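The values are calculated or read from the model by the stated rules, or taken from the named source; none is laboratory data. Note that the coordinates shown come from a computational prediction; the quantities given were computed from them, not determined experimentally. All Cβ positions, glycine included, derive from the backbone under ideal geometry; neighbour counts span all protein chains shown. Note: areas computed on protein heavy atoms with side chains; ligands, DNA, RNA excluded. Shrake-Rupley method; radii C 1.70, N 1.55, O 1.52, S 1.80 Å.
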Amino acid sequence: MMETQTYIHLEETYGAHNYRPLDVVIERGEGVWVYDVEGNKYLDCLSAYSALNQGHCHPRIVNVLIRQAQKLSLTSRAFRNDQLGLFYKALADLTGYSMILPMNSGTEAVETALKAARKWGYTVKGVPADQAEIIVCEGNFHGRTIAIVGFSTEEQYRNGFGPYPAGFKVIPYGDVRALREAITPNTVAFLVEPIQGEAGVIVPPVGYLKAARDLCTAHNVLFMADEIQTGLGRTGKKFACDHEDVRPDVTIVGKALSGGLYPVSAVLSTPAILGVFRPGDHGSTFGGNPLGVAVAREALAVLIEENLIENAATLGEYFQERLVEVPSPHVKEVRGKGLLIGVELYPSAGGARRFCEALKDRHILCKETHQHVIRFAPPLIITRTEIDQALEPITEVLNMR
Ligand code: PLP
């Protein structure tokens, strides 16, 4: 058996240094638990940024993955396969959206939605050629392509990667008036996260999404929700927009769509919008591949049949209440919805990273998001007992000097 340090050395020697992971080398996962190469057991409170809503290596999803991998993995979209239509139907039945475009990563699905919005703007709304505007929010995180980081407000995400595509306008998050003032006749879409995960679990004011939806409707602007992190049960509803009964024109999903076993993302909408794509307009070799979509269909079935959305609502509320009660000189605020919880620390705490390191030493895996926020987002299969067990080490760490 190789030592932890040997694995780390290999990664650091040959890998690009675009991440700064906690130094735990995981070799096995099961449910809410992961095990490192030395046999230590940890509670996963990140869930691969919410991709593991169904837990690690869910047996049902693993079985489907193995069976499908032995039968057919990839056709490309040059040919049809017997899994794609079934996946569309399952996702349409679950979400009520009548047209779906499958991709792989979340980033690709966001790019797809941006392209759809622009083409819709030109061919349906009647925006003059190359004049389409898309409105996004400060603090957004939608992925890492050049177009997407081009409208990021995070200096590190942008710096050194320009020039960027034009046609994006950035407004403050949670500010309806700013949206009203930003809309012009050339606005084709408003792209928004119903809760900003990467910005530090920022929950907008109550009524914001509803008011933004109404403004978009009034001005014939597409309301596009990025539910890649918040969707599929994470916040205690199917989608975070459901908390305000808001129905986006376009919903973007990824991450937990495949239960963390395979990259599968999708743009959900209607023929009036996604119908703008003609054969050859857009595509992806792996998008909609039979292996990925078979896995995704099972991951969706698990989400529903194991009542994970309800569990996220109940236990999310419980976890948040318990966290609020933790006495700590460092905690400024506990916030979030369902099992997407952010604990913001005062600047005097010296940054969230050292708290995450200390939690790791006590066998709880979390990651700091932005400088001062610890995110708690365990798999949605977590139990009350497991949360109770975690509270002791969390309390200890939140009282470090
Ligand atoms: N959008 C949101 C809201 C996300 O949280 C993420 C990933 O964290 C993405 C898009 C990008 O997804 P991916 O990393 O799968 O490309």
For this session: Among 251, 219, 279, pick out the residue whose Cα is farthest towards the positive end of the charge dipole of region 214-281, where Lys and Arg carry +1 and Asp and Glu carry -1 on C-beta, about the Cα centre.
Result: 279
For this session: Could you name the lysines whose alpha carbon sits less than 27 Å from that of residue 71, not counting residues in the same chain fewer than 8 places away?
Result: 89, 255
For this session: May I ask for the angle, rounded to the nearest 10°, between helix 208-218 and the longest principal axis of the chain, with both axes built from Cα atoms and the value confined to 0 to 90°?
Result: 10
Exercise. Does region 129-199 classify as rounded, prolate or oblate by the C-alpha gyration tensor (a ≥ b ≥ c root eigenvalues; a/c under 1.5 gives rounded; else a/b over b/c gives prolate, otherwise oblate)?
Worked result: oblate
Problem set entry | Accessible surface, per residue, of the chain when the full set of protein chains is kept, probe 1.4 Å, Å² | 44
For this session: Relative to the longest principal axis of the C-alpha atoms of the chain, give the angle of the C-alpha long axis of helix 106-120, reported between 0 and 90° and rounded to the nearest 10°.
Result: 20
Exercise. In straight Cα distance, which aspartates and glutamates are under 12 Å from residue 119, not counting same-chain residues fewer than 8 positions off?
Worked result: 130, 133, 281
Seminar exercise, completed: XL table 41/238; 125/210; 169/210; Cα-Cα > 26 Å flagged, in table order, is 41/238
Seminar exercise, completed: Taking a ≥ b ≥ c as the square roots of the eigenvalues of the Cα gyration tensor, with a/c under 1.5 meaning rounded and otherwise prolate when a/b exceeds b/c and oblate if not, region 250-292 is oblate
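Let's test the formula: R0 of 30 Å, r as the Cβ-Cβ distance of residue 164 and residue 75. What FRET efficiency results, to the nearest 0.05?
Step by step, r from the Cβ atoms, then E = 0.30.
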Seminar exercise, completed: Amide H contacts under 5 Å for residue 288, restricted to residues at least 5 apart in sequence or on another chain and with H modeled in the peptide plane, are 103
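Taking DSSP loops as anything outside H, G, I, E and B, show the longest stretch in the chain free of GluC sites (Glu not before Pro) there with at most 13 other beta carbons within 10 Å.
The segment 39-401 is the longest one with no such site.
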Exercise. For the Cα atoms of the chain, what angle does the longest principal axis make with the long axis of helix 59-71, in degrees from 0 to 90, nearest 10?
Worked result: 60
Problem set entry | For region 127-178 versus region 214-286, the gap between their alpha-carbon centres in whole angstrom | 18
Problem set entry | Cα-based shape type of region 191-326, given that a ≥ b ≥ c are square roots of the gyration tensor eigenvalues and the cut on a/c is 1.5 | oblate
For this session: Would you work out the relative contact order for the chain, in percent, from Cα pairs under 8 angstrom that are 6 or more residues apart?
Result: 23
Seminar exercise, completed: For the chain, the percent of accessible surface on carbon and sulfur atoms (probe 1.4 angstrom, ligands and nucleic acids excluded) is 53
Problem set entry | Unit charges at the beta carbon, dipole of the chain: most positive-side option, 74, 395, 208 | 74
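Could you pull out the trypsin sites (Lys or Arg not before Pro) across region 38-112 that fall in loop regions by DSSP (anything but H, G, I, E, B) with no more than 11 other Cβ atoms inside 10 Å?
Sites meeting the loop and neighbour criteria: 80.
Can you give me the Kirkwood hydrodynamic radius for the chain, using every pair of distinct Cα atoms, in Å to one decimal?
For the chain, the Kirkwood estimate is 21.9 Å.
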